[in-house]
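Inspection log for the structure reproduced underneath, given as structure tokens.
Bear in mind these aren't lab numbers, they're just calculated from the coordinates by the rules spelled out. This one's a predicted model, so the numbers in the text were calculated from it and none came from an experiment. Backbone-built Cβ (ideal geometry, glycine too); neighbour counts: all protein chains shown.
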Amino acid sequence: MENSQLQTNLKFVDLLNVWDPFQLKEGNYDTEIADTIQAIHELDHPSALAEKIQSIYEFSFEKIIPIDRCLEMATKLLVIKNSNSCTI
């Protein structure tokens, strides 16, 4: 993995750890963060990413994060993704 991609992924991890939707403290979302990062690389639309984030966390914790909170996070994640895209 190239260095810029690694740095981008680390930004995603930091943001998702700070988000902490169930107040479990940093480090308790490793699986969900990995799944979310994969989704970020596959999806480009905020609402699609928000729905995916909601389903990832619901699957693990059997609790639903309100879609507006997921959409806010998806938007922030996509800003990072798009600001770190390669440009010529």
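Below, the figures for the structure above:
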{"item": "Radius 14 Å from Cβ of THR8, net charge of other residues (Lys, Arg +1; Asp, Glu -1)", "result": "+1"}
{"item": "Loop-located GluC sites (Glu not before Pro) in the chain whose Cβ has at most 15 other Cβ within 10 Å (DSSP)", "result": "GLU2, GLU26, GLU62"}
{"item": "Label-reachable residues, segment 64-80, where backbone N falls under 17 Å from a point 7 Å from THR31's Cα toward its Cβ", "result": "64-65"}
{"item": "Spatially near lysine pairs across segment 3-83, Cα under 18 Å, sequence gap of 8 or more or different chains", "result": "7"}
{"item": "Cβ-placed point charges (K, R +1; D, E -1), dipole of the chain about Cα centre in debye, nearest 20", "result": "200 debye"}
{"item": "Gyration tensor (Cα) of the chain, equivalent ellipsoid semi-axes in angstrom", "result": "22, 15, 10"}
{"item": "Within the chain, trypsin sites (Lys or Arg not before Pro) in DSSP loop having at most 12 other beta-carbon neighbours inside 10 Å", "result": "LYS25, LYS63"}
{"item": "Computed FRET value (nearest 0.05) for LYS11 with GLU62, which takes r as the C-beta separation and R₀ as 22 Å", "result": "0.15"}
